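For reference, the structure discussed in these notes is given below.
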Amino acid sequence: MKQRHTLSYTISSIVIALLFCVSANTQNNSIPSSATDSTTYKLKYGLRIGGDIGKLIRSFTDNDYSGFEVIADYRIKNKLYIAGELGIEEKNTVTDYLDVTTKGSYLKGGIDYNLYQNWLDMDNMIFSGFRLGASSFNHTRNRFQIYSTDQYWTPQYTDTENRKFSNLTALWIELMIGIKAELFNNLYLGLNLQLKGLVKETEPNGFENLYIPGFNKTYDSSGIGVGYGYTLSYRVPLYKKDKKN
């Protein structure tokens, strides 16, 4: 009898122990692992197109300038975009000895890389970019004056006959930094700064290019130019991709 009680007690103990192990294992499996937690959100892909509102404002406020620029970019990866600009400009440059009107068009193409890590479904940019730019333009020399070292005995020679210099071209590279902030759904306001290096140019006979459309003013024949842009653009959403954060 005593052996039966001992056997029954042993079996009960084993059953209780098994039930406890099974219960503990079930509870452990029901707790999700925090290491695998992730948030999935949608990245918008499409053509973003707009204009440089800075050039439009300058056209209304500066009597010596008129211009317009169309901008566009297209996302090809999470942070990588192909981008470009197309524009026309007319600029009247007046110095003490020269008055020249420049007209022409330009095209720039390259890439932008977003350096900013967005939160969830935000779509802002702090970007760096690279462009290759080309311009086709002409100058009209409205007036020029030849400087005389002996201004008392020899009068200054001034020529006011218009002369046109056509089929001029320029090629340059450009580094860009900027921001694009989403104001409303798919509507973006941007600001960028540009540093340009002239690669090649054709010059008119008798004077240098003082202004190149798209490149802007040339500084002391150094081949260095700078620029800026205030942009407003809208993305035409074509599709979305999942992105885990």
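The values are calculated or read from the model by the stated rules, or taken from the named source; none is laboratory data. What you see is a predicted model; the values in this text were computed from it and never measured. Cβ: placed from backbone, ideal geometry, glycine included. Neighbour counts: every protein chain shown. Please note that ligands, DNA and RNA were not included when accessible areas were found on the heavy atoms of the full protein model with its side chains. Shrake-Rupley method; radii C 1.70, N 1.55, O 1.52, S 1.80 Å.
Calculate the FRET efficiency for Leu86 and Leu238 from the Cβ-Cβ distance with a Förster distance of 35 Å, rounded to the nearest 0.05. Walk me through the numbers before you get to the answer.
Working: r = 21 Å, r/R0 = 0.60.
Result of the calculation: an efficiency of 0.95.
If you count only protein heavy atoms and use a 1.4 Å probe, how large is the accessible surface of Ile179, to the nearest 10 Å²?
The value for Ile179 is about 80 Å².
Taking the range 175-230, which chymotrypsin sites (Phe, Trp or Tyr not before Pro) meet the DSSP loop condition and have no more than 12 other C-beta atoms within 10 Å?
Details: sites: Phe184, Tyr188, Phe207, Tyr211, Phe215, Tyr219, Tyr228, Tyr230; in loops: Phe207, Phe215, Tyr219.
Counting only loop positions with at most 12 other Cβ atoms within 10 Å, the chymotrypsin sites (Phe, Trp or Tyr not before Pro) in the range 175-230 are Tyr219.
Among 72-82, 126-136, what's the highest-first ranking by average C-beta atoms within 10 angstrom per residue? Mind showing how you got there, number by number?
Working: 72-82: 15.7, 126-136: 18.3.
Highest-to-lowest ranking by the protection proxy: 126-136, 72-82.
When only DSSP loop residues count, what trypsin sites (Lys or Arg not before Pro) in the range 193-238 have their Cβ near at most 13 other Cβ atoms within 10 Å?
Numbers: sites: Lys196, Lys200, Lys217, Arg235; in loops: none.
Nothing satisfies the criteria.
No solvent, one uniform scatterer per C-alpha: report log10 I(q)/I(0) for the range 47-95 via the Debye equation at q = 0.16, 0.22, 0.25, 0.27 1/Å, two decimals.
For the range 47-95, the Cα-only Debye profile gives -0.55, -0.77, -0.88, -0.95.
Checking the table Lys77/Lys217; Lys55/Lys217; Lys42/Lys180; Lys108/Lys164; Lys91/Lys180; Lys77/Lys108 against a 24 Å threshold on Cα-Cα, which pairs fail?
Working: Lys77/Lys217 35 Å; Lys55/Lys217 15 Å; Lys42/Lys180 19 Å; Lys108/Lys164 26 Å; Lys91/Lys180 28 Å; Lys77/Lys108 21 Å.
Over 24 Å Cα-Cα: Lys77/Lys217; Lys108/Lys164; Lys91/Lys180.
Distance in nm between label sites at Leu120 and Ile53, each 7 Å beyond Cα in the beta-carbon direction?
Those two pseudo-labels are separated by 2.8 nm.
Enumerate by residue number the GluC sites (Glu not before Pro) in the range 175-214 meeting two conditions: DSSP loop (anything except H, G, I, E, B), and at most 12 other Cβ atoms within 10 Å of the site's Cβ.
Numbers: sites: Glu182, Glu201, Glu208; in loops: Glu208.
Those satisfying the criteria are Glu208.
Would you kindly state how much longer the chain becomes between Lys217 and Leu107 on full extension, computed as 0.36 nm times their sequence separation minus their alpha carbon distance, in nm to one decimal?
Details: separation 110, 0.36 × 110 = 39.60 nm, distance 1.67 nm.
Gain on stretching Lys217 to Leu107: 37.9 nm.
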